[in-house]
Amino acid sequence: MKVLAINSSARKDGNTALLISTVLEELNKDGIETEMIQLAGKVIEPCKACWACGGRKNCVHKKDLFQEIYEKMVQADGIILGSPVYTANISANMQAFLERASVVADMNRSENLLRHKVGAAVTAARRGGALNTLDAMNHFFMLQDMFIVGSSYWPMAYGRMPGEVQGDQEGLETMRSLGRNMAYLLKALNTAKEHKDTH
């Protein structure tokens, strides 16, 4: 099994990356393969509403990394979305990415591109806006017939300068719990799928 994490922070290896890595460590302990893609220094263009993705199972525009990342999402068993809080919401890159990903999935609904995958969202906040940010990412999962992982608290941690989230012990434990719960759900779904395939 494989989990793909997408970090939309403008900072590479910043607080959001640290939180995602904490989740990935727990998944790795359970033998689940992981990969993190960081969008720092890259620009994801917004959806052009051309509908050309219909029947093609991916966006047709190639100016950015979208096609490559979306293909990896389709191949993955689980998806982690991570964004810092920007103006009480997700980053512009994450917004653009999710808008395009939603349109591709909607225009190819019969293909069930993301159906029954496991989704988890995490955010790093300086102060407020964390719940809005988590909601925006979780709403994407809810629209795609996916299963959302819960934790012992909202999957957020406080930090402004890079590395500061490491001082939020409750936040880090929430990430570890999220990783353990994601591994549990992935394994349970895999067992159910294997049972279905043999009957």
**OP:** Can you tell me which of 46-58, 175-187 comes out highest on packing, and rank the rest after it, using the mean Cβ neighbours within 10 Å?
**Re:** 175-187, 46-58
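Given the Cα-Cα distance of Ile37 and His199 and 0.36 nm per residue of separation, how much length would full extension add, in nm? Display every interim value, and only then the final one.
Values: separation 162, 0.36 × 162 = 58.32 nm, distance 3.70 nm.
The Ile37-His199 span can extend by a further 54.6 nm.
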**OP:** Give me the distance in nm between label points sitting 7 Å out from Cα along the Cα-to-Cβ direction at Asp30 and Lys48, one decimal.
**Re:** 4.0 nm
Subject >> Tyr184-Arg109 pseudo-label distance in nm [points 7 Å out on the Cα-to-Cβ vector] >> reply: 3.4 nm
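Which percentage, to the nearest 5, of the DSSP beta bridges contained in the chain is antiparallel? Write out the running numbers ahead of the final one.
Values: 1 of 24 bridges.
For the chain, the DSSP antiparallel bridge percentage is about 5.
Sequence gap at least 6, Cα distance under 8 Å: using those rules, report the relative contact order of the chain to the nearest whole percent. Please report the intermediate quantities before stating the final value.
Numbers: 378 pairs, mean separation 51.5, N = 199.
Relative CO of the chain lands at 26 percent.
Apply the membrane-span-like helix rule to the chain: whole DSSP H runs, Cα extent along the own long axis of at least 15 Å, mean Kyte-Doolittle hydropathy at least 0.0. List the helices found. Can you show the working numbers first?
Details: long enough: 15-29 (22 Å, 0.37); 92-107 (23 Å, 0.42); 130-143 (20 Å, 0.71); 169-197 (42 Å, -0.84).
Helices meeting the span and hydropathy rule in the chain are 15-29, 92-107, 130-143.
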**OP:** Calculate what fraction, in whole %, of the accessible area of segment 138-197 sits on carbon and sulfur atoms when a 1.4 Å probe is rolled over the protein chains.
**Re:** 56 percent
**OP:** Would you mind computing, in nm to one decimal, how far apart the modelled labels at Met161 and Ala192 are, each placed 7 Å from Cα along Cα→Cβ?
**Re:** 4.6 nm
Original post:
What's the percent breakdown of Cα-Cα distances in segment 1-125 across 10 Å bins, shortest bin first?
Top reply: 13, 44, 35, 8, 0
Original post:
What lysines sit close enough to Lys72 to cross-link, taking a C-alpha to C-alpha distance under 23 Å and skipping anything fewer than 8 places away on the same chain?
Top reply: Lys2, Lys12, Lys29, Lys42, Lys48, Lys57, Lys62, Lys63, Lys117, Lys187, Lys193
Subject >> Mean residue ellipticity (222 nm) of the chain, computed from DSSP H runs ≥ 4 via -39,500 (n - 2.57), nearest 500 >> reply: -14000 deg cm²/dmol
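The values are calculated or read from the model by the stated rules, or taken from the named source; none is laboratory data. Predicted model, so just to flag it, every value in this text is computed and none were measured. Backbone-built Cβ (ideal geometry, glycine too); neighbour counts: all protein chains shown. For the accessible areas, the whole protein counts, side chains as well, though only heavy atoms, and no ligand, DNA or RNA atoms are used. Shrake-Rupley method; radii C 1.70, N 1.55, O 1.52, S 1.80 Å.
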